[in-house]
1. Name the residue that is farthest from the chain's Cα centre (by Cα), counting only residues in the range 146-160 that are closer than 24 Å to residue 82 by Cβ and crowded, with 17+ Cβ neighbours inside 10 Å.
2. Quick one: residue 53 ticks every box in (1) over 21 Å from residue 111 (Cα atoms); (2) modelled with pLDDT under 95; (3) not assigned by TED's automatic domain parsing to the domain that holds residue 105 except a single one, so which number is it?
3. Can you pull out every residue in the range 17-49 that is farther than 18 Å from residue 174 by Cα and either assigned to a helix (DSSP H, G or I) or modelled with pLDDT of 95 or more (or both)?
Amino acid sequence: MKTYISILRGINVSGKNIIKMEALKEMYTDLGFRKVTTYIQSGNVIFQSSQPDAMLVSDVITSGIVSRFALKVPVLVLHYNEFQAVLSNNPFLETSGVDISKLHITFLSGIPGLTNVEALKNTSCLPDEFVLSERAVYLMCPDGYGNTKLTNSYFENKLKVTATTRNVRTSNELLRIAGLTDTDEG
């Protein structure tokens, strides 16, 4: 069994795309996933599956949400080890005196094309800063994420991949919870 973390984009925000976490957990269980745990109301789910392909797992969940809730929402799924690597490679954590509450990670559904990456390199949205990695964008937003132009839509338009953002504290908690159930057997 592989431990996965799925992060759904755009549910339970401003009264739109409402999905109760208990109903979401039930759906994951009905889809055959095991040890399903949700974290906060924004669509974070930790679970186990024997399916080794995260993209196939994402497709199953996306179809399940359409079928069960009649909603089409982006679902990003990362294996526990992938999620851990994304968190541990955050370059802003090396900055002395950094305020962790100002740090966010925009997770990407795939590796952006080289042309799109090159176009993004000359972008500046000061005072906000970002560093692009293969499957994530690390953000430092001194005035808060609610005030940045570096949104999911911004990166989706520039990089041509699906994106969803979590703050570093939430991301760390998801990893902690996933670590409690990670019994990766392959």
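1. Here the residue is 158.
2. (1) is the only condition that residue 53 fails.
3. 23, 26, 27, 29, 30, 31, 32
Yes or no, residue by residue, for (1) within 21 Å of residue 154 (Cα to Cα); (2) touching a residue at least 40 places away in the same chain (Cβ under 8 Å); (3) exposed (fewer than 13 other Cβ atoms within 10 Å of the Cβ):
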{"position": "18", "(1), (2), (3)": "no, no, yes"}
{"position": "28", "(1), (2), (3)": "no, no, no"}
{"position": "68", "(1), (2), (3)": "no, yes, no"}
{"position": "76", "(1), (2), (3)": "yes, yes, no"}
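The values are calculated or read from the model by the stated rules, or taken from the named source; none is laboratory data. Computed from a prediction, not measured in an experiment: that's the story for all the values here. Heads up, the Cβs are rebuilt from the backbone with ideal geometry, glycines too, and the neighbour counts pull from every protein chain shown.
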